[in-house]
Every structure is written in C-alpha cells, then in structure tokens.
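Chemist: Please read through the structure below; I'll follow up with questions.
The values are calculated or read from the model by the stated rules, or taken from the named source; none is laboratory data. What you see is a predicted model; the values in this text were computed from it and never measured. Glycine gets a Cβ as well: all are built from the backbone with ideal geometry, and neighbour counts include every protein chain shown. Accessible surface areas use protein heavy atoms only, side chains included; no ligands, DNA or RNA. Shrake-Rupley method; radii C 1.70, N 1.55, O 1.52, S 1.80 Å.
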Amino acid sequence: MGDWRPFVYGGLASVTAEIGTFPIDTTKTRLQIQGQQIDSRLSELRYRGMTHAMLRIFREEGFAALYSGISPAILRQATYGTIKIGVYQTLKSMAVENPQESTLFINVCCGIVAGIISSAIANPTDVLKVRLQAMTEIKDKESMFKAFGRMYREEGIKGLWRGVVPTAQRAAIIAGVELPVYDFSKYWILKSGYLKDGVGTHFISSFFAGLAGAIFSTPVDVIKTRMMNQRNLLEKSIYDKIYSSSIDCALQTVRTEGFMALYKGFIPIWVRLGPWNIIFFMTYEQLKKVK
C-alpha cells in the first residue's frame, strides 16, 4: 500500500495557506477581470493597484467580500492540493529510489503531471471561486451551493469545466516550477552547509518557489480567470461567451489591451504566492515531522 501521508499533509497545508492569503487572491481576481474592452460589464478600471483594490473592496463591500468564494476555494485546495502533492511525491518515489537524489528533469515532469491531474479534477470548484470573487454587488452575493446549482442549470456540465485548459496549463506551470524550485533550493542550501534543515531553509526555499511561480504563471492565470468569469448560458442572452478558447482570449487581450495586460495582477499574484508557499511548505514540513 502506498504512502498516504503526502496526500493528507498536502491537503492540510494547502487549506491552511489558502485561508491565510485569500484576500490577496480576491484582489488579484478583480484586477485581472477589469478593463476588458470587449465586455462592457467589466470595461471600467475600478482599481488602480493591489492596495487600492483591497481598500476599495473593504470600504464599499465590507471585509467579508475579501473572502467571497472562500468555501469553494477551501474545497478546491482539499482536492487539488491533496492530489497535487500526493501525486508529485508518489511519482518521484516511483522514478528514483531516493527522492532526495532526483534530477531537475524528473522533478519538473512529476510536477507537470501532478498539476494537470489535480487541476482538471478540481476545476468546478475553481470556477465557482472565480465567479463568487468577481461579484461586486451585495445583492448578487450567493452561497456556494446556490451558485453551483445556478451555474449548472444555466451552463450545463461544460460550465463547470469552463477554462479547464488554461487552468491545467497554469497548474502544470506552477507545479512544474514551484515544487522543483523548492526542492532544489532546499537541496543546495543544505548542501552549502550554511543552514540546517529547519525554518530558515524552508522559508528561503519557499520564497524562491513563489517568485518563480509568479513569473511563469501570471499570463496563464489572467487567461484562466477571464475564461472562467465569462458566461455562456444555455439560452441566448447578453452574456454570450466572448472568448472561444484560451488562445483566442490571449490574442484578444493583447490586441485590445496590450501585451502587459497578460501581467495584470502580477504584484498580488507574487505577494500571494510568496506567503502562500511559505505557509504551505512550512506547514507541510512540520506535518512531515508528525509520527
């Protein structure tokens, strides 16, 4: 029987990190969906940056708005985080006898596969999270189960897996970058002899993992967010989809808003991924010590 601990520890650490950094994620989502010139609902630039967005959301909608979508986010991490870390560690142990001696190529491949599998399974919870975060009017707020039911009735099964391609692409990039970067940063820090296998090593390694993840994943994250936020109702309405695919979304975004629009929300992504990875990896490392 395989080792179940990476799955359980990965899920617990993911949920902990998600709760601790969720307001930043909400801010990132609002920044990414604004300014879409081909969608009149979102053409206004309401927020000038991360700090302004967070303060305006808090002032106009209340503190609870910063945690809109937290229920599906926790559910997502309980599935996505559990599967991602479990599959990653399992594949590494299958590829080499001693996971500590695995190569960069093996780590990257294991991370990519783990990211694709876990994100594809958890995609409906990600769609719900984005939709709930994007709601700016108090009257539009609704529970996770009500939002799930409405989305299923209006958009069908396809609506639950909207944006699954860019989601899988983003997850493959993040898992294929962050996990190997963390492992190799930790390996070289320990090999240098400057620090021991403790909090300092885990903190530095997770910081580099978060920075690398933000740089490589932001364009795909913007596309994923916009794909998930668009409506494609079963019956014809004013909310017919405006992007036919992730490639079409990228091309239209660049054409109408410029290339740097693909890096909208980069600061909050980095600000979030940094603390998220620090909380996650430090929690995960502490859980590994539990016998």
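Chemist: Mind jotting down the distance between the C-alpha centroids of segment 151-215 and segment 70-138, whole Å?
Modeler: Between the Cα centres of segment 70-138 and segment 151-215 lies a distance of 8 Å.
Chemist: Please go through segment 7-106 and write out the trypsin sites (Lys or Arg not before Pro) that DSSP classes as loop and that have at most 16 other C-beta atoms within 10 Å. Intermediate values should be presented prior to the final figure.
Modeler: Numbers: sites: Lys28, Arg30, Arg41, Arg46, Arg48, Arg56, Arg59, Arg76, Lys84, Lys92; in loops: Arg46, Arg48.
Passing sites in segment 7-106 are Arg46, Arg48.
Chemist: Ser143 to Ile242: extension gain in nm, 0.36 nm per residue of separation minus the Cα-Cα distance? Walk me through the numbers on the way to the answer.
Modeler: Numbers: separation 99, 0.36 × 99 = 35.64 nm, distance 2.61 nm.
Value of the extension gain: 33.0 nm.
Chemist: At a 1.4 Å probe radius, which order do Asp126, Asp183, Asp3 fall into by accessible area, largest first?
Modeler: On the way: Asp126 5, Asp183 40, Asp3 75 Å².
Ranked list, largest accessible area first: Asp3, Asp183, Asp126.
Chemist: Give the accessible surface of the chain per residue, rounded to a whole number of Å², with probe radius 1.4 Å and ligands, DNA and RNA excluded. Could you put the intermediate results ahead of the total?
Modeler: On the way: 13800 Å² over 291 residues.
Value returned for the chain: 47 Å² of accessible area per residue.
Chemist: If you average the sequence gap of Cα pairs under 8 Å that are 6 or more apart and divide by the length of the chain, what percent do you get for the contact order?
Modeler: Normalised by residue count, the contact order of the chain is 25 percent.
Chemist: Which one is right for this structure if log10 I(q)/I(0) by the Debye sum over Cα atoms at q = 0.07 Å⁻¹ is calculated from it: (i) -0.41; (ii) -0.29; (iii) -0.26?
Modeler: It is the value labelled (iii).
Chemist: What is the dipole size for segment 74-207, taken about its Cα centre, with +1 at each Lys and Arg Cβ and -1 at each Asp and Glu Cβ, in debye to the nearest 20?
Modeler: The dipole of segment 74-207 has a size of about 380 debye.
Chemist: What residue among Trp161, Trp270, Trp188 shows peak mean-square fluctuation when the chain is described by a Gaussian network model with Cα springs under 10 Å?
Modeler: Trp188
Chemist: Treating only the Cβ of Lys, Arg, Asp and Glu as charged (+1, +1, -1, -1), what charge dipole size does segment 165-291 show about its Cα centre? Round to the nearest 20 debye.
Modeler: Charge dipole of segment 165-291: 240 debye, to the nearest 20.
Chemist: Further question: Within the chain, what whole-number % of the accessible surface is contributed by carbon and sulfur, with the 1.4 Å probe and all protein chains included in the calculation?
Modeler: Whole-percent figure for carbon plus sulfur exposure: 67.
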